[in-house]
Structure formats: structure tokens, C-alpha cells
Amino acid sequence: MIKYADVIIDISHEKVDRAFQYRIPERLLGKLEAGMCVTVPFGRGNTPRRGYVTDITEKCTFDPCKIKEIQDLVPGGVGVEDFQIRLAGWIRRSYGGTMIQALKTVLPARNTVKKVEHKKVLLSLGREEGISLLGECQRKKQAARVRLLRELLSEGELPYELVTGKLMVSPAVIRGLQGMGAVRVEVLQSFRNPVKRQQEVQETEKTLSGEQQAAVERVMKDYDGGDPGTYLLRGITGSGKTEVYIRLAREMVSRGRQVIVLIPEIALTYQTLLRFYRSFGDRVSVLNSTLSAGEKYDQCERARGGEIDVIIGPRSALFVPFPQVGLILMDEEHEASYKSESTPKYHARETAVYLASLHGASVVLGSATPSMEASYRARKGQYRQLFLTRRLTGGSLPRVYTVDLREELKQGNRSIFSRKLQELLADRLEKGQQSMLFINRRGFAGFVSCRACGYVMKCPHCDVSLSQHRGERLVCHYCGYETPNARLCPECGSGYISGFRAGTQQIEERLQALFPAVRILRMDADTTRAKDSHQQILAAFAAGEADVLVGTQMIVKGHDFPNVTLVGVLAADLSLSVGDYRAGERTFQLLTQAAGRAGRGSEPGEVVVQTYQPEHYAITHAAAQDYEGFYQEEILYREMMGYPPAAHMLAVQIYAASEEAGGRLAALLVRQAGEYVDPAQPLARRTVIVGPAPAGIGKVNDIFRFVFYVKDRDYDRLILVKDGLEAWMTQWQSGPRRPQINLQFDFDPMNTL
């Protein structure tokens, strides 16, 4: 019987964003399954292309005479499982892009990698025969054979690396003895394990508080009753959310199910992994961008084969091929890093909920400062709410001081440290306690400008200023362009050109000048480029090797250092100055999370928030640790302006090599989107289009960027707009001499373009 396969071609192009049908050759009948990676002839020239089989059928939907035949299975190609195909289809529909882009998203490892081989050399002869052969080799003065046989007669077997290394026996000598039947080489294959074996002993279960126990019982009762759901676990900083995660994971593993633990930052992997390792040992692993291709592949194979029960990592860990997912835990669910910045621009929160529905699993979203979306859905009854209202240590939340930097300047303090912060830093150094200083930027300086004419040093390829770094170099943080620092202004020739210094390196230098004996660790994008650098810095700080940890956002998210009793937030309102509807929410969350790092041990904590806008509602509510008050103010603003979560928003992003062509196409796309606006609808229910306009950063790496927004309360209606624009764009690009323009979609964007 002739069978056919539907194949998605591995080309990320809108024109081929559908399955193509191929005949299955007889030699592959019974071998080929949906999800397998194959090579097929494609296009007029029958160019061999990779593809993924999405379905196998006996029905031919085209002229059988024109159907081409699959060439072969891809050796070493990783297949896609059925649930991954369904998940990719949902991502494609919900977020845009092509099906192959969605398939690649759900494949953490796309190529097989050889397993790690461990060889050992064993003696094949009996003891008497071995001694006889040793004597013969001694008489013939075969020194290498003598060394190897003597050790094998003593030990029985030896690691291959030891034989060729310390014993200095060449592979040729080993092969010669193998040919004589004197020795044999055994090869053992094993998976790579990126988790270094921890020294801590496996800990016993901790006694949970009443609130923690109630949260665990609610989730498991619903699950065991056949009613798994999505839960919002709102717990103040230090209330023990991680203990709830661990207990829930234990319960699920005891039921034979697997657990995915999502964290927003690679920097959080170390502490989270350590706590889970104490409970699950080698049955827990990690998956993140610092792993090699071999390590990623092996973790997927370990998960598929049942060697691990728990995987920890950022959003990509969501796609580990566990056969029976029972629970997805999403820590710090409010973090923007859960939203992908590349097509398809999926959000891990919604994707986790859909993935859980495929497996019949539960989802727990945890945060001290939940996203507006999660809180809104919980209040609408879409998520079930759980609360942790008390700190495990029994202590209170830290005392917060809000310092008005305008007043500091009036009183003659031009330092980046307020007098209050200097006083408390000196106190902590005297007491031997630790402090953390947080600023929402990196590098040595924000930008370099001329005080005479106002000229700002900008990247020639991007519409952004260059940042000054140590070593007298200017760096673009968008495309990586570097140039030496300017001595004279390129515009007017003045020597009054210098950096606006408010970066992490500058804080480190000023702190060292203020307290010469202070021990400082710095953690930002520049100090964490090397593999395991996050872990090394955090481990050193946890071990008391530094008095102060200076860093960007990555130091204030989820870390638990009991000896930290002071947190200083420098330039707290920097994130309020961006033109973004989420600016208030992001500022409130950052400040609340930063404050939560202080006083997590037995000593009380204090926080100094330095700001030029002490009256802003995001700052006043963060200082009071008042989430409810902030939510009520923020949701009124969102409802009034039609922003998520009160409504949904689709950002249509246009990237063009020509500014003129990009602007012209943006206008055409807006006109096309206008087809979906119904003037008869009440204004509150009507689709609204905002723009088009050049992006906030109009050019990056010589590519011009334009954007417009479509707002509607109905998400499915925005999907219709996206589908319509994709279809129109495909037709437009098929015209003669069309410029190369890239179109991307971002639903409910975390950042405005």
C-alpha cells in the first residue's frame, strides 16, 4: 500500500509555511513515524532539504504523478514528538512566525550528539599466563608492554586515560596486546551531567507552616481529584515559596510524574538547583544556554528515558521532552525574561498553561509581586489563588527609607551615595554584615557627551548612545560595535567630553574610595559572560568572601543571603523614564524584590531607595510593600487606556534596510489592518490602531525599525488580524523587485519597540 507523509520544510520563510506531501519509499514503510527528521527534494531544482514529518496518511491530496519521494531519514536528526507538534502548532497560531520556527522553538536539542565514552583496559589472560607473557616481554625489553602488564596483573583493570597518560603506553601497544588476546578494551557510554555532584547530604523534609501546608494540600487535592488547574501563589519575600515548590515536586514525583521548574534568570539556577538537589539528588538536572550542545542533548535524552524527575531552567526548559509532566512551577512569574524576544515571541506563562493541558498537569505561578496579567486572571477566576503572608524567620519585612536625591543635591551631597546609605553601609561593615547595591544599568557609564555643544557619542549602526567601559573603550550594547574613547568632541573639538558615570563599575570604584578596606563583588552582564560565572560569584558572596555585592537586576531576583541586612537601590526611578506602559509595574516589582533581599536571616533588614520621584505611586507602594494598593492604581490606568491585561495588544514590527521602504510598507499594513475595524461597534469594544511610527530606537545594526499597535479586548480577533497581515505580506512579497523586509508580531509586548 502506498503511503504519504506531510512534511514541514526547514525554511523559515512565509512562502513555504505549510506542509508538503511526499510519497514514502518502500524501504521506509514501517520505519517512518510522525515527528521524524527527513531529507526531501524541494523546489524546481529538487534541492535536498531537511524537514519534519507531521502526519502519515494513505490519502493523496495532490496529483500522485507530481508527488516527490522522501529521500531518507536524517542520520543524527532529533525527532519531534506528537505533543511537541501540537504545542508548536499552538505557538504558531497564538504568536505568529512560521511552523518551522515554532518546531525549532520546542526542540531544545535538534541534533544527536555522541555519548561520552569511558574506556577501560582489562587483562584477558589467567594469572599464570599473564605472568608468563610479562616475563617474555621483559626478555624482549618491550618496556611499554611490561608497564601495562605489570599494572594489570596488580589491578585487574585500568582506565584507558591512565594507561595512555601516566603509564605512557601508546594505543598501538594496546592494540598489539589486543591482537594477541592478552588484553581487551571495554567502552562504556554515559550521558553528560551538567550538575556537579554536591557535597551537601540529602536533607530531610522540613516542617511546613500552616499556610505552606494549605497551599500544597490544595494543589494536590485538586490534582488527585482529576481537576488540575493553574494557581497563583502570592507570597511575600521570605515566606518560603521554594519550600512549597519542593514539597509539591516530591508529591508529584511520588505519583510517577515529572516536574518542570522555570526560573527567570540563569543567575538563579545555582541556588534553586542546590535546594532541589538536596531533595532529589541526581534525579534533578538543568537546561540553559550555558550548556554545550552535547549537554543539552543528553539532558533531553535523560528526561525522555526517565533518568531525571525534575528539570530546572529558564523558559527553554519548558520544552524538555518529559513523557508524563505532572507539574510546572514558574518562579518569579512576573519577570519579563519569560517572554521570548525572537520569533515566535511566545510567553512562557501561557505556553506552560497550554502544555499542562496536553499532559493533564498543574501549573503554579509564584511571585511576591505577581504580574498584572496573573493577578487580573486570578481575580476573574481563571487562576486559583494561594497566599503566603508571613516570613518563615518570623521577622518583619525590612524598614524602607526613601531618599529624595533633589534634597541631597540642595544640601551639597554630589555623591552617588546618599548620606543615609553611607551611614548604614559603615554600620554594616563595622558589624560584619553584608550589603547589596543595585542599579538598573550596566557598564562604566551611561553615555559620553560634550558639555560644550551637547554632542552625544552614538553607534554608527544603531540609533543609540555608546557606553563607556573600563579600558577607555566605547561599546554599543545592541550590535557590539567598539571604538576608543574620544579625547576631543568630534562635533566642536572641545575637550569637555566625558561620560555620565552611573554604571556598576563606577559604583564599585566610588565605594572602594569611600571604604578602602571593603571587599566587593560585582555582578552584571560584563562579569557573567563566562560559563559558571553566575554560580561562582554567588557562591563567593554566600561564603562571606565579600562585604558588598554590586550589580544590576540579576542580583535582586530570588536570591537568599541570610547575612544581608542592607539593600541600597541607586537611581530607583530610572525604569520610570522609559516610554512604556509597563514602566510603573516594572519599577514597583524591581523595588519590592530588591527590598526583599534584606533581613532574610535572624537580623532585621533595612533598605534605602534613592530617587528623584519619591512621590510616584510605584515608589510609595513599593516602599510600603503594598501590592494591593499598587494593583488598584495600576489597573485603573490600564482599563482607561485599553492596555493589557484589561485589553490585548498586538505590536506589528517592520524591519527594513531602507528607511523609505520600511515607512511605506508600515503605512500599507496599517491600511490593511484597518479592514478589521468595525465602526458600528461601541468604542469600548472596537479594534483600535495606533501608529505607524518609527521605533523608539529607529535603527539597529543598519536596519530601520517601524511599529504600529492594534488593541482589542478579544485576543482571538488580534489573531485574525495577524493571520490577515501575514497572508497579505506573503502576497505582497511575491511581487517583482520587492525590498527585503522582515515582519514580526508581538502579542501583549513586554517592551515597546
Checklist entry - Within the stretch 148-162, can one find any residue that is in the same structural domain as Val121 (by TED's automatic domain parsing), in contact with a Cys (Cβ under 8 Å, 6 or more places away or on another chain) and either closer than 18 Å to Gly130 by Cα or hydrophobic (A, V, I, L, M, F, W, C) (or both)? => result yes
Checklist outcome for this item: Flagged pairs (Cβ under 8 angstrom, 6 or more apart or on separate chains; first in the stretch 726-739, over 13 Å from Asp17 (Cβ atoms); second assigned to a helix (DSSP H, G or I) and of a type in the set (S, T, N, Q)) are Trp728/Gln672
Item to check | For Gly381: the one exception among (1) surrounded by fewer than 14 Cβ atoms within 10 Å (Cβ to Cβ); (2) over 18 Å from Arg218 (Cβ atoms); (3) without any contact (Cβ under 8 Å) to a residue 40 or more places away in the chain | outcome: (2)
Checklist entry - For the stretch 260-292, how many residues meet the condition of being hydrophobic (A, V, I, L, M, F, W, C), at pLDDT 80 or above and under 17 Å from the mean Cα position of the chain (by Cα)? => result 6
Checklist entry - Is it the case that some residue within the stretch 47-65 is within 25 Å of Arg315 (Cα to Cα) and aromatic (Phe, Trp, Tyr)? => result yes
Checklist outcome for this item: Of the candidates Tyr637, Tyr643, Tyr676, the one satisfying the condition of being in contact with a helix residue (DSSP H, G or I) (Cβ under 7 Å, 6 or more places away or on another chain) and more than 17 Å from Trp732 (Cα to Cα) is Tyr676
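Looking only at the stretch 105-115, how many residues end up being of a type in the set (Val, Ile, Thr) and modelled with pLDDT under 70? Can you show your working first?
Filtering the stretch 105-115 for residues of a type in the set (Val, Ile, Thr) gives 105-106, 112-113.
Subsequent filtering for residues that are modelled with pLDDT under 70 retains 112-113.
Of the residues in that region, 2 qualify.
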Checklist outcome for this item: From the option list Val710, Val688, single residue qualifying as surrounded by fewer than 17 Cβ atoms within 10 Å (Cβ to Cβ), within 21 Å of Arg638 (Cα to Cα), touching a residue at least 24 places away in the same chain (Cβ under 8 Å) and not assigned by TED's automatic domain parsing to the domain that holds Arg92 is Val688
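Listed here are the residues, each with its yes/no results for (1) assigned to a loop (DSSP other than H, G, I, E, B); (2) farther than 23 Å from Leu720 by Cα; (3) under 28 Å from the mean Cα position of the chain (by Cα).
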residue: Arg27; (1), (2), (3): no, yes, no
residue: Val40; (1), (2), (3): no, yes, no
residue: Arg49; (1), (2), (3): no, yes, no
residue: Lys59; (1), (2), (3): yes, yes, no
residue: Pro75; (1), (2), (3): yes, yes, no
residue: Gln84; (1), (2), (3): no, yes, yes
residue: Lys104; (1), (2), (3): no, yes, yes
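Okay, residues lined up against (1) in a helix (DSSP H, G or I); (2) exposed (fewer than 13 other Cβ atoms within 10 Å of the Cβ):
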residue	(1), (2)
Leu125	no, no
Ser132	yes, yes
Gln138	yes, no
Ala144	yes, no
Leu152	yes, no
Leu158	no, no
Lys166	no, yes
Gln178	yes, no
Leu188	no, yes
Checklist entry - Can you tell me which residues in the stretch 538-568 are more than 19 Å from Ile416 (Cβ to Cβ), outside any loop (DSSP other than H, G, I, E, B) and modelled with pLDDT of 80 or more? => result Leu538, Ala539, Ala540, Phe541, Ala542, Val564, Thr565
Checklist outcome for this item: Restricted to the stretch 22-37 and to residues being within 21 Å of Arg86 (Cα to Cα) and out of contact with any Asp or Glu (no Cβ under 9 Å at 6 or more places or on another chain), the residue surrounded by the most Cβ atoms within 10 Å (Cβ to Cβ) is Met36
Checklist entry - Within the stretch 713-725, is there a residue that is part of a helix (DSSP H, G or I) and basic (Lys, Arg)? => result yes
Checklist entry - Checking Ser289 against (1) over 29 Å from Thr587 (Cα atoms); (2) free of Cβ contacts under 8 Å to residues at least 60 places away in the same chain; (3) assigned to a loop (DSSP other than H, G, I, E, B), which single condition isn't satisfied? => result (1)
Item to check | Criterion (within 28 Å of Phe561 (Cα to Cα), in contact with a Phe, Trp or Tyr (Cβ under 8 Å, 6 or more places away or on another chain) and either in contact (Cβ under 8 Å) with a residue 40 or more places away in the chain or not in a helix (DSSP H, G or I) (or both)) met by exactly one of Ala594, Ala646 | outcome: Ala594
Checklist entry - Mind checking which residues of the stretch 301-322 are in a loop (DSSP other than H, G, I, E, B) and of a type outside the set (Gly, Ala, Ser)? => result Glu307, Ile308, Asp309, Pro314, Val320, Pro321, Phe322
Item to check | Total residues in the stretch 239-255, condition in a loop (DSSP other than H, G, I, E, B), buried (at least 19 other Cβ atoms within 10 Å of the Cβ) and either over 24 Å from the mean Cα position of the chain (by Cα) or not assigned by TED's automatic domain parsing to the domain that holds Val219 (or both) | outcome: 1
Checklist entry - Arg664 fails exactly one of the following numbered conditions: (1) of a type outside the set (Gly, Ala, Ser); (2) outside the structural domain of Tyr581 (by TED's automatic domain parsing); (3) under 19 Å from Arg586 (Cβ atoms); (4) in a helix (DSSP H, G or I). What is the number of that condition? => result (3)
Item to check | So Ser239, is it touching a strand residue (DSSP E or B) at 6+ places or on another chain (Cβ under 8 Å) and hydroxyl-bearing (Ser, Thr, Tyr) | outcome: yes
Checklist outcome for this item: Among Thr61, Thr39, the single one that is closer than 28 Å to Gln733 by Cβ and in contact with a Gly (Cβ under 8 Å, 6 or more places away or on another chain) is Thr39
Next on the checklist: Which of the strands (runs of 3 or more DSSP E) found entirely inside the stretch 353-438 contain at least 1 residues meeting this: among the acidic types (Asp, Glu)?
Outcome noted: 399-404
Checklist outcome for this item: Subset of the stretch 282-324, residues surrounded by 20 or more Cβ atoms within 10 Å (Cβ to Cβ), among the basic types (Lys, Arg) and within 18 Å of Leu355 (Cβ to Cβ), comes to Arg315
Checklist entry - Considering the stretch 509-535 alone, what residues qualify as being hydroxyl-bearing (Ser, Thr, Tyr) and without any contact (Cβ under 8 Å) to a residue 12 or more places away in the chain? => result Thr527, Ser533
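The values are calculated or read from the model by the stated rules, or taken from the named source; none is laboratory data. Because the structure is predicted, anything quoted here is derived from the model rather than measured. Positions of Cβ are backbone-derived with ideal geometry, glycine not excepted, and every protein chain shown enters the neighbour counts.
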